[in-house]
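This structure is in structure tokens; I'll ask about it shortly.
The values are calculated or read from the model by the stated rules, or taken from the named source; none is laboratory data. Predicted, not measured: the structure shown is a model, and the values here were computed from it. Here the Cβ is made from the backbone with ideal geometry for all residues, glycine too, and neighbour counts use every protein chain on show.
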Amino acid sequence: MNAARVRRGSGGRGRPRKASSRVQVPKKLVSKLPVEQESANRLARWTFGLFALAIAGVAAAAVDLPGRAWTAFGETMGEAGFRVKSVDVVGVQNMDSRPVFQIALDQKSTAMPLVDVESIRARLLRYGWVKDARVSRRLPDTLVIDIVERKPAALWQNDKKLSLIDSEGVVLDKVKVTEMPDLPLLVGAGANAQSRKLDALLGAAPGLKPQLESAAWVSGRRWDLHFQTGETVALPEGEGEARQALAKFARLDKSAGLLGRGILRFDLRVPGKMIVRLPTDAVPKAGDSAPQEG
């Protein structure tokens, strides 16, 4: 029987050479690359290793191993005494603080590391009274919630509903007619969104502002101002036109005392004119007509 012939190489000592388990780049491919064989092999091994790590990371994420590990750690800390036992609310003056406590304690876990402070803050910011909020942990067992409240600036009446709003027109809360605070009343659809512009408009007549009882936003275009003495001043459309008309009216009121004389309505919508409406039973007296600016 013929014995199998074994090719001997230099230093082979007759044993077949084992295939290397290390990642190597074929020599034919290396010959086409601007790198040496060893550098190409090293680069291939690094690439393969990173690929393997990526696969392992994807697999771990698929079964949520990091999340489970963090949850287990958080619960362990909770069992060690780091669990929410109290909520310290700071900055509340006008709003009802009960919703703040409800939101703070509405958590999947009360273990301090697992309490989602960003979620608590986001939910608080959806509450009308809250302009800003800061939520922090005070170890070992207290959540601290610092509330920046919005300040009530006016009442808004629309669709038979009465609401409290701030200077930006944000609705803070519902208000009962029997519990109305002493604040200016804005009437009409969208009047709350015009709150800032109305305040700027009244800046042209600072002497009239304290006497204002309510302001009606008419047809989404202009204001009717109602004063405590019973008169209505109809302003024209346009911010500039309304400001100019109201400033003229304020000067005339200061010099001639227009308010408080029993006149029902001053219509300033026609440029350069003021149309006056008297009570139906009123009899004008000589020299008692309202002055006009042409």
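Answer with yes or no whether Ala193 is within 28 Å of the chain's Cα centre (by Cα), over 29 Å from Leu258 (Cα atoms), part of a loop (DSSP other than H, G, I, E, B) and in contact (Cβ under 8 Å) with a residue 24 or more places away in the chain. Step through it out loud before you land on a result.
Details: within 28 Å of the chain's Cα centre (by Cα): yes; over 29 Å from Leu258 (Cα atoms): yes; part of a loop (DSSP other than H, G, I, E, B): no; in contact (Cβ under 8 Å) with a residue 24 or more places away in the chain: yes.
Spelling it out, it is not the case that Ala193 is within 28 Å of the chain's Cα centre (by Cα), over 29 Å from Leu258 (Cα atoms), part of a loop (DSSP other than H, G, I, E, B) and in contact (Cβ under 8 Å) with a residue 24 or more places away in the chain.
Any idea which residue in region 127-171 is modelled with the lowest pLDDT, counting only those that are under 17 Å from the mean Cα position of the chain (by Cα) and aromatic (Phe, Trp, Tyr)?
Tyr127
Consider Ala133 carefully, then state whether it is more than 24 Å from Met180 (Cα to Cα) and touching a Leu at 6+ places or on another chain (Cβ under 6 Å). Working first, answer last.
Values: more than 24 Å from Met180 (Cα to Cα): yes; touching a Leu at 6+ places or on another chain (Cβ under 6 Å): yes.
It is true that Ala133 is more than 24 Å from Met180 (Cα to Cα) and touching a Leu at 6+ places or on another chain (Cβ under 6 Å).
Rundown of residues vs (1) surrounded by fewer than 15 Cβ atoms within 10 Å (Cβ to Cβ); (2) farther than 19 Å from Ser167 by Cα, yes/no style:
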residue: Arg196; (1), (2): yes, no
residue: Ala204; (1), (2): no, no
residue: Glu231; (1), (2): no, yes
residue: Gln244; (1), (2): no, yes
residue: Asp267; (1), (2): no, yes
residue: Lys273; (1), (2): yes, yes
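Is there a residue in region 103-123 that is surrounded by 14 or more Cβ atoms within 10 Å (Cβ to Cβ) and within 30 Å of Leu185 (Cβ to Cβ)?
There is no residue in region 103-123 that is surrounded by 14 or more Cβ atoms within 10 Å (Cβ to Cβ) and within 30 Å of Leu185 (Cβ to Cβ).
Could you list all residues from region 175-194 that are surrounded by 11 or more Cβ atoms within 10 Å (Cβ to Cβ) and on the phi < 0 side of the Ramachandran plot?
Passing the criteria: Val175, Met180, Leu183, Pro184, Leu185, Leu186, Val187, Ala189, Ala191, Asn192, Ala193, Gln194.
Something else now. When Val87 is evaluated against the numbered criteria (1) under 28 Å from Val171 (Cβ atoms); (2) not in a strand (DSSP E or B), which criterion, by number, is the only one it fails?
Every condition holds for Val87 apart from (2).
Please state which of the following conditions Leu198 fails to meet, knowing it meets all the rest: (1) of a type in the set (A, V, I, L, M, F, W, C); (2) free of Cβ contacts under 8 Å to residues at least 24 places away in the same chain; (3) out of contact with any Asp or Glu (no Cβ under 7 Å at 6 or more places or on another chain).
Here Leu198 clears every test but (2).
Follow-up. For region 217-235, give me each residue that is under 29 Å from the mean Cα position of the chain (by Cα) and of a type outside the set (A, V, I, L, M, F, W, C).
Within region 217-235, Ser219, Gly220, Arg221, Arg222 qualify.
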